[in-house]
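Shown next, in structure tokens, is the structure this report addresses.
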Amino acid sequence: MQLSAEIFTPGELKRIAAAVYQHCGINLHEGKQELIQARLTKLLRRSSFASLSDYLDHALANPDSDEFSELIDSLSTNLTSFFRESDHFDYLARAFLPQLLARRRAAGSNCIRGWSAASSTGEEPYSIAMTVQHALEAAGGTWDALILATDISTRVLKIAREGSYDPQRVEPVPPQFKTKYLAKARGPHPFVQVVPKIRSMVRFAHLNLLEPWPFVGPIDFIFCRNVMIYFDKPTQQKLITRLWEILGPGGMLFTGHSESLTGIAHKFRYVQPTIYQKT
């Protein structure tokens, strides 16, 4: 069906924005109206609904429906890349992981747990897993390492689980990691796939950060990057409090470079820009 932007009335735009905010905390303010129109017009052209009102009546009344899931997916921003904001991975490798592994050995434990809270198409958690695996190989011994990778979009999680990427997507991966942790994927297309050792370290799951989390800590480090910019201050406050609670003592929180904890009450110790520690 062919739909134009003219069918989106101010009331419908407000209805969509209110539903998205209530469901997942994303604040689609007035400046986002063009984004809503563009993405939903594309979505509706693939649907069988006769009008936007019919679509919204169905999707918003059935939050477990495919239509509602596609609505959230279409309005979620999924910009990501391998080793994005690389100083976080440098700090993880240089400072945090050596100390963590030493503490675990002293305590007689081999368990390492990390969380990529907005994993998108998988580049972030796989970058984390490569960094962790490299540190474990250097340390020697047997380790039980797991990276939980969650996202609200079921569409991007499907891509992430495959772990296959266009060669241009993996260009930011450090050369020593490319040779060890990436391989040519099977098939006629020139895709590159994350090797099984790294894929098995990452566990992908659908998760709405505002809903109850079906797991308990302690978690050693959390990457929650470029998520809070879509939340208002009250939602940011609740999320930061919950992240602090699920981290173990000495655990690290990495936020996006466009994010700040300024104006949010928290107990974290500032380490350096966008890096915080639970003390």
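The values are calculated or read from the model by the stated rules, or taken from the named source; none is laboratory data. Being a predicted model, the structure only gives us computed values, none of them experimental. In this analysis, Cβ positions are derived from the backbone assuming ideal geometry, glycine residues included, and neighbour counts consider all displayed protein chains.
Here are the numbers for this structure:
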read-out: ARG203 under 19 Å from TRP143 (Cβ atoms), of a type outside the set (Gly, Ala, Ser) and either in a helix (DSSP H, G or I) or in contact (Cβ under 8 Å) with a residue 40 or more places away in the chain (or both); value: yes
read-out: Residue among GLY263, GLY248 that is part of a strand (DSSP E or B) and more than 17 Å from the chain's Cα centre (by Cα); value: GLY248
read-out: Subset of the stretch 248-263 [of a type outside the set (Gly, Ala, Ser), surrounded by fewer than 16 Cβ atoms within 10 Å (Cβ to Cβ) and closer than 19 Å to LYS233 by Cα]; value: HIS257, THR262
read-out: Residue under evaluation LEU247, criteria (1) modelled with pLDDT of 95 or more; (2) more than 19 Å from SER116 (Cβ to Cβ), criterion not met; value: (2)
read-out: Restricting the stretch 163-175 to residues that are in a helix (DSSP H, G or I) and touching a residue at least 24 places away in the same chain (Cβ under 8 Å), the residue that is surrounded by the most Cβ atoms within 10 Å (Cβ to Cβ); value: VAL170
read-out: Filter pass, LEU71 being assigned to a helix (DSSP H, G or I), surrounded by 18 or more Cβ atoms within 10 Å (Cβ to Cβ), touching a residue at least 24 places away in the same chain (Cβ under 8 Å) and not assigned by TED's automatic domain parsing to the domain that holds LEU157; value: yes
read-out: Residue under evaluation VAL195, criteria (1) within 18 Å of LEU92 (Cβ to Cβ); (2) modelled with pLDDT of 95 or more; (3) of a type outside the set (Phe, Trp, Tyr); (4) touching a Lys or Arg at 6+ places or on another chain (Cβ under 8 Å), criterion not met; value: (1)
read-out: Count of residues meeting criterion [more than 17 Å from ALA135 (Cα to Cα) and in contact (Cβ under 8 Å) with a residue 40 or more places away in the chain] in the stretch 80-114; value: 5
read-out: Residues (aromatic (Phe, Trp, Tyr) and either free of Cβ contacts under 8 Å to residues at least 40 places away in the same chain or in a loop (DSSP other than H, G, I, E, B) (or both)) located in the stretch 210-231; value: TRP213, PHE215, PHE231
read-out: Considering residues of the stretch 11-59 that are among the acidic types (Asp, Glu) and modelled with pLDDT of 75 or more only, the residue nearest to SER69 (Cα to Cα); value: ASP57
